[in-house]
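Peer 1: Encoded as structure tokens, here's the structure I'll be asking about.
The values are calculated or read from the model by the stated rules, or taken from the named source; none is laboratory data. These numbers were taken from a predicted model, which means no experiment stands behind them. Positions of Cβ are backbone-derived with ideal geometry, glycine not excepted, and every protein chain shown enters the neighbour counts. The protein model used for the area step is the full one, side chains on, heavy atoms only, and it has no ligands, DNA or RNA in it. Shrake-Rupley method; radii C 1.70, N 1.55, O 1.52, S 1.80 Å.
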Amino acid sequence: MATLTSTPQTDGFYMPAEWAPHAQTWMIWPERPDNWRLNGKPAQAAFTTVAQAIARFEAVTVGASAAALESARAQLNQSDNHRDNFTHIRVVEITTDDAWARDTGPTFVINHGGQVRGVDWTFNAWGGLDGGLYAPWANDDQVAARILQIERCERYRTEGFILEGGSIHVDGEGTVITTEECLLNKNRNPQMSREAIEDKLRAYLGIRKIIWLPNGLFNDETNGHIDNFCCFIRPGEVLLAWTDDPQDPNFERCQAALQVLENVHDGWRDGPRDENDANDRKLIIHKMPIPGPLYASAAECAGVQTVAGTQPRDPGVRLAGSYINFLIVNGGIIAAKFDDPKDAEAEAILKRVFPQHEVVMVPGREILLGGGNIHCITQQQPAASLFKTAGTDQI
Ligand code: KQY
């Protein structure tokens, strides 16, 4: 399919909210032994649980290397429980460097005619040679193009502009939320001003309003991705990771984020307006506790191969555990639990803020040991519509 030289914004495309109907969710099989302990076996079991949980609600496609293709297919479609009720999980060959579909997959955009295209951001492994998590990353930078080719979707490529899907959350009505810690980091697009980066977000996400939180979660390996810290649950409402403990290194981060969310003003280019989101709503803010503090055990760290240039594993380093890192699917919420005392409260909050969805909590520790969680390892593909939607002129 064609690589387009225009932008989604000029073509009338925009990124829909995660709760808009999905055609499917994409994942990538974890294989990298210097990130996933014990040659990825426990992570493969954890990814399988996530994939099967999603496949109860919508189709799932998993990319795996040629060498792992058959093993992945067998594991993903094996069921110990005759009551498991998931649809067959498709496995396709994709050569990758690791397993983070949120960040290496395309950001899908739609228009009011029901068409779906994809944005292929340039990827540099969360910082390139300045704090990035591994090198080389050339295979990962090809993932979005490969997925779009498989799906026969037209592609926008932001050549040279670095961004990961985990660093943005949209409400589908014109507002994006992100962090300065990540998008303004000198290891992403150091040559660009904040205004130039905002222009890119408008052009490729079809949004009008940008909410900048100062930081993401403490010790997040991604330089503070928003998807581990704060997300939209519906237009005008956000869920924010929260601690009341002043000793927690997240305390100042949460306070600073709340301050922004409670006082967002004017993100418009064409003149100041006293407003909150792109539709002039004041945000409703829900708080979500942070699990732990969680740490990897010495035994868990010992199972990860040590390779120069790859993120080392150390039991003294706090893990960036979060209940925010969930995926919204068609009719469901797939969220991580950590065998932590706060799991029950997190589940109750998710059920309260998503009363129309079935909340499914699955074990997240093994994914967290690799540096992320359920949202980070998934990428939703919006449903194409054969019929023109009513649409609005607001986007
Ligand atoms: O959380 C993510 N979006 C990616 C984390 C990558 C960690 C690699 N060790």
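Peer 1: Would you mind finding the one in GLN52, GLN75 that is under 25 Å from GLN142 (Cβ atoms), more than 18 Å from the chain's Cα centre (by Cα) and polar (S, T, N, Q)? Steps first, please.
Peer 2: Values: GLN52 fails: under 25 Å from GLN142 (Cβ atoms).
The conditions single out GLN75.
Peer 1: Next question, about the same structure. Residue check, PRO190 against (1) more than 16 Å from the ligand (Cβ to nearest atom); (2) assigned to a loop (DSSP other than H, G, I, E, B); (3) open to solvent by less than 10 Å² (accessible area, probe 1.4 Å), all met but one. Which one?
Peer 2: (3)
Peer 1: Also, quick follow-up: Please work out if GLU159 is among the acidic types (Asp, Glu), farther than 22 Å from LEU283 by Cα and buried (at least 17 other Cβ atoms within 10 Å of the Cβ).
Peer 2: In short, no.
Peer 1: Sort through ASN215, ASN228 and tell me the only one that's surrounded by fewer than 23 Cβ atoms within 10 Å (Cβ to Cβ) and either within 16 Å of the ligand (Cβ to nearest atom) or at positive phi (or both).
Peer 2: Exactly one residue qualifies, and that residue is ASN215.
Peer 1: Regarding ALA135, is this residue open to solvent by 40 Å² or more (accessible area, probe 1.4 Å) and part of a loop (DSSP other than H, G, I, E, B)? Reasoning before the result, please.
Peer 2: Numbers: open to solvent by 40 Å² or more (accessible area, probe 1.4 Å): yes; part of a loop (DSSP other than H, G, I, E, B): yes.
So ALA135 passes the test.
Peer 1: While we're here: With the structure loaded, tell me whether ALA125 is touching a Gly at 6+ places or on another chain (Cβ under 7 Å), within 18 Å of ASN228 (Cβ to Cβ) and aliphatic (A, V, I, L, M) or whether it fails that test.
Peer 2: Yes; evaluated as a whole, the condition is true for this residue.
Peer 1: Only residues that are of a type in the set (Phe, Trp, Tyr) and open to solvent by 30 Å² or more (accessible area, probe 1.4 Å): list them for segment 1-23, please.
Peer 2: TRP19
Peer 1: Then there's this: Scan segment 49-57 and give yes if some residue there is in contact (Cβ under 8 Å) with a residue 24 or more places away in the chain, open to solvent by 50 Å² or more (accessible area, probe 1.4 Å) and either under 30 Å from ALA302 (Cα atoms) or in contact with a Ser or Thr (Cβ under 7 Å, 6 or more places away or on another chain) (or both), otherwise no.
Peer 2: The answer is yes, given that some residue of segment 49-57 is in contact (Cβ under 8 Å) with a residue 24 or more places away in the chain, open to solvent by 50 Å² or more (accessible area, probe 1.4 Å) and either under 30 Å from ALA302 (Cα atoms) or in contact with a Ser or Thr (Cβ under 7 Å, 6 or more places away or on another chain) (or both).
Peer 1: Of all the residues that make up segment 97-130, how many are out of contact with any Cys (no Cβ under 6 Å at 6 or more places or on another chain), within 12 Å of the ligand (Cβ to nearest atom) and either open to solvent by 20 Å² or more (accessible area, probe 1.4 Å) or assigned to a loop (DSSP other than H, G, I, E, B) (or both)?
Peer 2: 8
Peer 1: Within the bounds of segment 67-86, is there any residue that is among the small types (Gly, Ala, Ser), touching a residue at least 40 places away in the same chain (Cβ under 8 Å) and more than 20 Å from HIS225 (Cβ to Cβ)?
Peer 2: yes
Peer 1: Ok, one more. Look at GLU93 and say whether it is surrounded by fewer than 19 Cβ atoms within 10 Å (Cβ to Cβ), touching a strand residue (DSSP E or B) at 6+ places or on another chain (Cβ under 8 Å) and over 30 Å from ALA299 (Cβ atoms).
Peer 2: yes
Peer 1: Could you say which residue among THR243, THR222 is under 15 Å from the mean Cα position of the chain (by Cα), in contact (Cβ under 8 Å) with a residue 24 or more places away in the chain and under 22 Å from ALA336 (Cβ atoms)?
Peer 2: THR222
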